[in-house]
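J.: Below is one structure. I have some questions about it.
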Amino acid sequence: MHRKTGFSTGVVIVTAVVLAGALNITTFDLFHVDGRSMEPTLEPGQVLVVNRLAYGFQLPLTNGYLFRWASPSPGEIIVFKSPIEDRVVVKRCSGIGARGAVFALGDNGADSFDSRDYGFVPVDDVRGKVIF
């Protein structure tokens with residue numbers, strides 16, 4: 001006697017898709033470089049892989065960390081929500097400030113809108129660390 005497996009197969013597929021999507025938005029992200037502020041290290045058009053778990057676990061679509069186990073270190077390339085513009089940017093962590101904030105600078109100082117213009121960036125706004 002054969003059992004109907006259409007419903008259970010559908011549930012498995014939907015569950016797998018939902019879990020894959022959840023892992024994607026909480027663990028790794030792709031970021032497209034669209035400016036020249038990080039030249040010569042990063043070129044416009046380059047696609048970066050960002051480790052979203054490098055500093056802690058963030059709830060998707062929210063600001064802030066549910067759990068934090070590290071902070072950016074000077075020299076690391078980080079991705080964060082700009083404190084001035086409504087967009088995500090990539091810069092190099094140049095220093096750690098008081099009260100959980102980082103000073104982030106572009107490698108191309110002559111063509112970079114960065115912490116020299118808007119000050120320290122809260123660590124809660126850091127989305128992750130560039131790994132590739």
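J.: What are the pairs with Cβ atoms under 9 angstrom where one residue, in region 92-107, is farther than 18 Å from Leu48 by Cα and without any contact (Cβ under 8 Å) to a residue 24 or more places away in the chain and the other, located anywhere, is hydroxyl-bearing (Ser, Thr, Tyr) and in a strand (DSSP E or B)? Sequence gap at least six, or different chains.
T.: Phe103/Ser94
J.: Taking only pairs six or more apart or across chains, which ones have beta-carbon atoms under 6 Å, a first residue in region 45-57 that is of a type in the set (Gly, Ala, Ser), and a second residue that is part of a loop (DSSP other than H, G, I, E, B)?
T.: Close Cβ pairs (under 6 Å, with a partner that is part of a loop (DSSP other than H, G, I, E, B)) amount to Gly56/Trp69.
J.: Got a sec? Which of Phe80, Phe57 is out of contact with any Cys (no Cβ under 9 Å at 6 or more places or on another chain), at pLDDT below 95 and under 14 Å from Val121 (Cβ atoms)?
T.: Values: Phe57 fails: under 14 Å from Val121 (Cβ atoms).
Criteria check complete, one pass: Phe80.
J.: Among the residues of region 1-49, write down those that are among the charged types (D, E, K, R) and at pLDDT 60 or above.
T.: First pass over region 1-49, keeping only residues among the charged types (D, E, K, R): 3-4, 29, 34, 36, 39, 43.
Matches in region 1-49: Asp29, Asp34, Arg36, Glu39, Glu43.
J.: Sticking with this structure for a sec: When you scan region 54-91, how many residues do you find that are more than 12 Å from the chain's Cα centre (by Cα), within 12 Å of Gly128 (Cα to Cα) and of a type in the set (D, E, K, R)?
T.: Residues in region 54-91 being more than 12 Å from the chain's Cα centre (by Cα), within 12 Å of Gly128 (Cα to Cα) and of a type in the set (D, E, K, R): 2 in total.
The values are calculated or read from the model by the stated rules, or taken from the named source; none is laboratory data. The structure displayed is predicted, hence computed values, not measured ones. FYI the Cβ positions are ideal-geometry reconstructions off the backbone, even for glycines, and counts take in every protein chain you see.
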